[in-house]
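Below you'll find the structure, written out as structure tokens, and then a few comments.
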Amino acid sequence: MPNSMRYCQTCRLQLDKRGFKRHTLSVVHRKGKLIRAMLERNCITHAEIARRIGLTRERVRQLARQMGFADGRSRHAICRMERRRKEMAEFFVEAQRRGFAVEPLGTRSAYINGKLCVQRNACWHDIGKSEHKYAYLSIRQPGGRFDICAWKLPDGRFLILPKKLSGFRQTSFNPEESDRLGTNSTSHYYRDYVERWSLLGRPRRAK
Ligand SMILES: [Zn+2]
């Protein structure tokens, strides 16, 4: 930097000699660390920072730019993304843990490797009467668009089916091996898709 320029370590701002003197006496300098700390949190808007520090919103916008932060609209978008990430359903949290890049759309839907994935929960459901009563897992087809649906099973595992195998409105299956004839074939088929993470493609990084 040229000799006539000064650099404020606290605010990480570059200023000319005269501006520097003025700067060291300013609100921006005295509250520099606080302003930076707030700008680092994308969910605090420029307006909110302006209100708390006692600057105009335009001044905060200028400072944010000088300090190298994204503009207000981008910070807002990042904030929304961070919030969604925090509220993501378990399937997406687990996908992320396995190294998949998850782009959340809402709490129960996200893009993974360009595929629209949704999560629903499976619930227990009794079939038959008295001594022939058996507990099955019941799953429903999600409404709306999706490429892959993951149902969270009560044991914490996921049944992961592609759209083309989710042609039912509602169906039941037994997640465990059983000796009972008749229902085993379809259950067997669903059991093959429990924890079928490969449907999502390759993770971005190895787990
Ligand atoms: Zn400063």
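With Cβ to Cβ distances under 12 Å as the rule, what net charge do the other residues near A122 carry (K, R +1; D, E -1)?
Within the 12 Å Cβ shell, the charges total +3.
Residue by residue, what Karplus-based ³J(HN,Hα) values in Hz, rounded to whole numbers, does region 27-38 have, using 6.51, -1.76 and 1.60 with θ = phi - 60° and x for Gly and Pro?
Each residue's phi maps through the Karplus curve to give 4, 4, 5, 4, 10, x, 5, 5, 4, 4, 4, 6 Hz.
Considering only E90, E131, E58, give the residue with the highest GNM mean-square fluctuation for the chain, with springs between Cα atoms whenever their separation is below 10 Å.
Highest fluctuation of the listed residues: E131.
Using a 10 angstrom cutoff on alpha carbons, build the Gaussian network for the chain and name the most mobile of K129, K163, K31.
Result for the chain, Cα springs under 10 Å: K129 fluctuates most.
Tally up the carbon and sulfur contribution to the accessible surface of region 12-150 as a whole percent, 1.4 Å probe, everything protein left in place.
Percent of accessible area from carbon and sulfur atoms in region 12-150: 49.
Please report the net charge: other residues with Cβ closer than 11 Å to the Cβ of T24, K and R +1, D and E -1.
+4
Provide the net charge surrounding P162, with neighbours chosen by a C-beta distance below 13 Å and charges set as Lys +1, Arg +1, Asp -1, Glu -1.
Local charge sum for P162: +2.
With a cut-off of 8 Å between alpha carbons and a minimum separation of six or more residues, what is the relative contact order of the chain in percent?
13 percent
So, for region 90-182, what is the accessible surface per residue at a probe of 1.4 Å, expressed in square angstrom?
Result: 56 Å² of accessible area for each residue.
Per residue of the chain, what 222 nm ellipticity follows from adding -39500 (n - 2.57) for every DSSP H run with n ≥ 4, rounded to the nearest 500?
It comes out at -9500 deg cm²/dmol, rounded to the nearest 500.
Taking only Cα atoms and a 10 Å spring cutoff, compute GNM fluctuations for the chain and point out the largest among L165, L25, L137.
L25
Measure nothing fancy, just the Cα-based angle from helix 57-66's long axis to the longest principal axis of the chain, in degrees from 0 to 90, nearest 10.
Roughly 90 degrees between the two axes.
Scan around R120 for amide H atoms under 5 Å from its own, H built in the peptide plane at 1.01 Å from N, and keep only partners 5 or more places away or cross-chain.
A150, W151, K152
Note down the nm distance, to one decimal, between modelled labels 7 Å out along Cα→Cβ at L165 and at R145.
The two pseudo-label positions are separated by 2.4 nm.
Would you mind getting me the FRET efficiency between E82 and E177? Use the beta-carbon distance for r and R0 = 35 Å, nearest 0.05.
0.25
The values are calculated or read from the model by the stated rules, or taken from the named source; none is laboratory data. All values derive from a computational prediction rather than experimental measurement. A quick note on method: Cβ atoms are made from the backbone with ideal geometry, for glycine too, and the neighbour counts reach across all protein chains shown. We work out accessible area using only protein heavy atoms, side chains counted, and drop any ligands, DNA or RNA first. Shrake-Rupley method; radii C 1.70, N 1.55, O 1.52, S 1.80 Å.
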